[in-house]
1. Listed residues G188, G127, G162; which is open to solvent by 40 Å² or more (accessible area, probe 1.4 Å), more than 28 Å from N92 (Cα to Cα) and not charged (D, E, K, R)?
2. If D2 satisfies every condition in (1) of a type outside the set (K, R); (2) assigned to a loop (DSSP other than H, G, I, E, B); (3) surrounded by 12 or more Cβ atoms within 10 Å (Cβ to Cβ) but one, which is the exception?
3. For L10, which of the numbered conditions (1) surrounded by fewer than 17 Cβ atoms within 10 Å (Cβ to Cβ); (2) assigned to a helix (DSSP H, G or I); (3) not charged (D, E, K, R) fails to hold?
4. With the requirement that a residue be over 16 Å from G133 (Cβ atoms), assigned to a loop (DSSP other than H, G, I, E, B) and not small (G, A, S), what does segment 22-43 give you?
5. Within the group D117, D167, D91, which residue is within 19 Å of S262 (Cβ to Cβ) and under 17 Å from the mean Cα position of the chain (by Cα)?
6. Could you give every pair whose Cβ atoms fall below 6 Å, whose first residue belongs to segment 44-56 and is assigned to a loop (DSSP other than H, G, I, E, B), and whose second residue is among the basic types (K, R) and modelled with pLDDT of 95 or more, counting only separations of at least 6 or pairs across chains?
7. Got at least one residue in segment 91-98 being surrounded by fewer than 21 Cβ atoms within 10 Å (Cβ to Cβ) and out of contact with any Ser or Thr (no Cβ under 9 Å at 6 or more places or on another chain)?
8. Which of the numbered conditions does I88 fail, given that it passes all the others? Conditions: (1) open to solvent by 60 Å² or more (accessible area, probe 1.4 Å); (2) within 26 Å of A199 (Cβ to Cβ).
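The values are calculated or read from the model by the stated rules, or taken from the named source; none is laboratory data. This one's a predicted model, so the numbers in the text were calculated from it and none came from an experiment. Note that we place each Cβ from the backbone using ideal geometry, even for glycine, and neighbour counts take in every protein chain shown. Heavy atoms of the whole protein, side chains included, go into the accessibility calculation; ligands, DNA and RNA do not. Shrake-Rupley method; radii C 1.70, N 1.55, O 1.52, S 1.80 Å.
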Amino acid sequence: MDDLVSTAWLAEQLHQADVTVVDTTMVMPSSGRDARAEYAEAHIPGARFLDIDQVADHAAPTPHMLPPADQFATAMSDLGIGRGDCIIVYDNSPLHSAARGWFMLRHYGAERVAILDGGLGKWLAEGRPVESGDPRPRDARFDAVPRSNEVVAKSQVRAGLGVPLVDARGRSRFEGSEADPRPGVGAGHIPGSRNLPFASLYNEDGTFKRVEELRHAFVAAGVDPERPFVASCGSGVTANSLIFAARLLGNRDTRLYDGSWSEWGADPDTPKVIGPA
């Protein structure tokens, strides 16, 4: 299975016993949307809803940080998602949060995880079927074992990473001309970081751009997409689009700064830069 699958592929494979579809839609609180309620109203048949805000480390001061492995294992088993399943994640969000779901599932040990190109929007635009309500219960076991060297902490960023740090936020947030929406979080970016807005990796219909276009986007941001880098963003969600896009280009040596700007920007002792990269 490829890392990125089409709606046509999923339509053909949907009724296979080991195919598990997961809706990882996440939206900003300011959107006025309720992702869980939207899922309950209409989702791809058989899809389970992974709530990124809830399956998180609630002891952390920053939002939706990766949870402890045992918490993730319990959550996935309760949802009917097995570690050995063929897992297809999708979203219906401008945040393209399927990339976060993809990273989480792979980080805790799932091997066969793919993103549905275009997500629910493309599925609906093609007139494909949806269902409402809760999915049928499914027995599943997910033995969560975090992969090493995939996530970096603030202390590592402060000490120096030795590889580029690429920020997925929009240009105005990165440069500090737009205030951060989170109270108590400063403006600007981490010194030395590059800026590659995650939205620039997608077409208008929500599908990923062609590999040539993805490569050009990285290079234009001053980043070699085939070399190691660390991705960050506002709160560890949209950075995963950079990691996934680099994977489409063959890169298997990327890491995530999970705390991202919501952690760095809230710390009065961290240096912050206003202006372009």
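1. Step by step, each of G188, G127, G162 is checked, and only G162 is open to solvent by 40 Å² or more (accessible area, probe 1.4 Å), more than 28 Å from N92 (Cα to Cα) and not charged (D, E, K, R).
2. Single failed check for D2: (3).
3. The failed condition is (1).
4. T24, T25, M26, V27, M28, R33
5. On the way: D117 fails: within 19 Å of S262 (Cβ to Cβ); D91 fails: within 19 Å of S262 (Cβ to Cβ).
That would be D167, the only listed residue that is within 19 Å of S262 (Cβ to Cβ) and under 17 Å from the mean Cα position of the chain (by Cα).
6. Going by the 6 Å Cβ cut-off, the qualifying pairs are I52/R100.
7. Checked segment 91-98: no residue is surrounded by fewer than 21 Cβ atoms within 10 Å (Cβ to Cβ) and out of contact with any Ser or Thr (no Cβ under 9 Å at 6 or more places or on another chain).
8. (1)
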